[in-house]
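The values are calculated or read from the model by the stated rules, or taken from the named source; none is laboratory data. Please read these numbers as outputs of a predicted model, since none were measured by experiment. Here the Cβ is made from the backbone with ideal geometry for all residues, glycine too, and neighbour counts use every protein chain on show.
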Amino acid sequence: MINPAEFAEGEFDASFAKLTELSTNSAALDEEVMKYFAQYDDDANASLDRRELRGFLNNFFSAYHIHVPITDEYVDGVFRQIDINHDNKLQPEELKAFAKLFIGKLVVAFQAAAAGQATTGGFGGSGETGEEEKKE
Ligand SMILES: [Ca+2]
Ligand SMILES: [Ca+2]
């Protein structure tokens with residue numbers, strides 16, 4: 001999922017360091033999430049819909065060279081995972097809560113990549129091997 005060889009020189013370490021910092025500093029993570037939130041909330045209604053979430057995922061995954069095909073099913077799976085109160089919109093608080101879990105997984109994936117191991121993902125949604133992730 002994460003291949004250090006695809007990163008420019010120093011980029012992998014910089015990304016890894018940034019993610020590690022965000023995973024241990026929740027104030028910094030909240031701030032980062034809000035920055036993204038404002039950026040991708042196109043219609044400025046203080047919530048993200050599926051289209052806006054897709055824009056965010058596209059950008060974020062390419063920034064970190066994360067190879068997950070962002071299909072409609074994937075976006076929908078991630079969306080439903082984040083939408084805790086099931087109002088079909090993503091509020092900043094929901095995205096913050098999700099970001100904490102997500103960053104934790106990313107750090108693990110980066111650690112594995114740094115150690116030269118392949119990981120089998122588990123980034124939520126229904127992509128990849130995520131089929132057995134709790135489904136109701
Ligand atoms: Ca919106
Ligand atoms: Ca919601």
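For the range 94-136, filtering for residues that are at pLDDT 60 or above and in a helix (DSSP H, G or I) leaves 21. Scanning the range 49-65 for residues that are part of a loop (DSSP other than H, G, I, E, B) and crowded, with 17+ Cβ neighbours inside 10 Å, we see that the one that is farthest from ligand 1 (Cβ to nearest atom) is HIS65.
Restricting the range 66-113 to residues that are exposed (fewer than 15 other Cβ atoms within 10 Å of the Cβ) and acidic (Asp, Glu) leaves a set whose member that is farthest from ligand 1 (Cβ to nearest atom) is GLU73.
Cβ-Cβ distances below 9 Å connect the following pairs, each with a first residue in the range 23-48 that is within 23 Å of GLY104 (Cβ to Cβ) and within 11 Å of ligand 1 (Cβ to nearest atom), a second residue that is hydroxyl-bearing (Ser, Thr, Tyr) and part of a helix (DSSP H, G or I), and a separation of six or more residues or different chains: LEU48/TYR40.
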